[in-house]
Structure formats: structure tokens, C-alpha cells
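Below you'll find the structure, written out as C-alpha cells, and then a few comments.
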Amino acid sequence: MALHINLYHEIHRQAARERRDPIKLASLGLLLILLTLVLWYFYRASEVRKLEIRRNELKDQWARLEPRLKEALEKEPKLLLQQKSNEELVERLHGRFYWAPLLAKLQAIVPENVQITAVIGDVDVSKEGKKLPMSLLLRGVAAGTLPRAAAEEFRQSMQAGLSQSYSEVSAVFDANSLEDGLEMVQLNGQTLPTANFAIRILFKKPAPEAPQPK
């Protein structure tokens with residue numbers, strides 16, 4: 001069996017002690033920490049630089065947009081007032097009343113012994129913006145053996161006929177408006193007396209029907 005003698009064991013032992021030297025290990029740890037701090041510093045510096053660049057860009061953008069913002073704020077009250085006027089106009093257009101269908105119904109109701117001489121229609125709105133009943137004033141002449149009764153019959157037929165299409169219909173003679181006429185008329189070969197009248201009709205449009213659920 002061969003015998004090996006290590007003559008450098010002291011040198012090896014010294015080298016091992018140096019490798020395990022606490023001061024050397026601490027120095028290496030400190031160096032690693034310093035290197036990490038330096039890298040962290042440069043990273044944060046780059047991030048701060050990016051933020052500064054972004055801040056400058058936003059400042060430039062604000063400098064360009066600020067005058068336009070001030071101009072828009074100055075125009076805002078005028079535009080809001082115009083928008084309100086447009087909304088009111090649109091609301092009035094949607095809620096407008098068509099007189100043509102009413103006049104067509106009126107024409108169909110008027111009998112041959114009644115002649116309408118004037119038609120005055122009005123749609124009034126209260127100060128609160130609430131629509132009042134619509135008004136229709138009819139002036140005319142009724143002829144018959146009993147002209148006043150003929151005018152009354154026409155008034156009743158007018159109220160009944162319009163009630164089929166409108167709500168809250170009221171047809172009444174204006175005060176002291178039903179009176180005997182001074183003229184006689186020829187109707188169907190007969191000479192008949194006349195009566196002058198003025199009928200005021202108040203009515204409302206029926207509420208729109210709610211859509212039926214599908």
C-alpha cells in the first residue's frame with residue numbers, strides 16, 4: 001500500500017482560512033449591496049426622467065388646450081340656452097295640434113240648414129307651460145221653421161260628433177249669441193226664418209294609447 005504525504009497541507013489550510021475570512025466575506029457582501037444600490041439608482045433615475053418627459057408633454061398640451069377651454073366655457077351659457085330653446089321647439093312640434101282633421105269632421109257634421117260664417121280656433125298655454133283645453137268658436141246661421149231649435153240641434157250633434165274623436169268636449173252657445181235673424185232664406189222650396197248663433201267648443205286631444213306589450 002502506497003503512502004502519500006501532503007507537504008502543502010499548511011498552505012492549503014491557510015488558503016481555506018482566507019476563503020472563510022469574515023472580513024473578506026463581509027466586503028464581498030457590501031460590494032454586492034453597493035452594486036445593487038447603484039443599479040437601483042440608475043433604474044429610478046430613468047423612471048424619473050420618463051416622468052419628467054411626460055410632465056413636459058402634458059404641460060405643452062395644456063398650454064395648447066387652455067385657450068380653447070376658456071373659449072368653450074365662455075360659449076357654454078349661450079349654447080345651453082340655445083339647446084333649451086331647441087328642446088322647447090321640438091316639444092311644441094311633437095305636441096302640435098292638426099286642425100285639418102277637425103275641420104273635416106266639422107264639415108261632415110254641419111247639416112244643410114246650417115251655414116258656418118266664421119271659424120276661430122285657438123290652442124292656449126298657461127304660464128306654467130301646461131296646455132289648456134283647445135277652443136273653437138263657430139259663428140253661423142241656422143234655418144228652419146224653428147230656427148233656434150235647429151241651432152240647438154246642431155249644437156248637440158256637434159258635441160256628440162266631436163266626442164268620438166276628442167275628450168272633454170263642451171259645446172255651448174256664447175252668452176246672448178243665439179238670436180233670431182232678420183233675413184229669410186230659401187231651402188228646399190220653402191222660405192224659412194233664420195237664427196244667428198255663436199257656439200264655443202272646448203275640447204282636449206285624447207291621451208295616446210300605451211303600446212301593447214308583446
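Could you list all residues from region 86-107 that are at pLDDT below 85, surrounded by 10 or more Cβ atoms within 10 Å (Cβ to Cβ) and assigned to a helix (DSSP H, G or I)? Spell out the reasoning first.
Kept after step one, since they are at pLDDT below 85, are these residues of region 86-107: 86-99.
Remaining after also requiring surrounded by 10 or more Cβ atoms within 10 Å (Cβ to Cβ): 86-92, 95, 97, 99.
Hits for region 86-107 are 86, 87, 88, 89, 90, 91, 92, 99.
For residue 66, state whether it is on the phi < 0 side of the Ramachandran plot, of a type in the set (Asp, Glu) and at pLDDT 85 or above. Show your work before the answer.
Values: on the phi < 0 side of the Ramachandran plot: yes; of a type in the set (Asp, Glu): yes; at pLDDT 85 or above: yes.
So residue 66 fits the description; yes.
Every residue, every condition in (1) over 37 Å from the mean Cα position of the chain (by Cα); (2) hydrophobic (A, V, I, L, M, F, W, C), yes or no:
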| residue | (1), (2) |
| --- | --- |
| 41 | yes, no |
| 45 | yes, yes |
| 77 | no, no |
| 82 | no, no |
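So which residues in region 141-184 are β-branched (Val, Ile, Thr) and surrounded by fewer than 17 Cβ atoms within 10 Å (Cβ to Cβ)?
Filtering region 141-184 for residues β-branched (Val, Ile, Thr) gives 141, 145, 169, 172.
The answer is 145, 172.
The values are calculated or read from the model by the stated rules, or taken from the named source; none is laboratory data. Please read all numbers here as calculations on a predicted model, not as lab measurements. Virtual Cβ from ideal backbone geometry, glycine too; neighbours counted across all protein chains shown.
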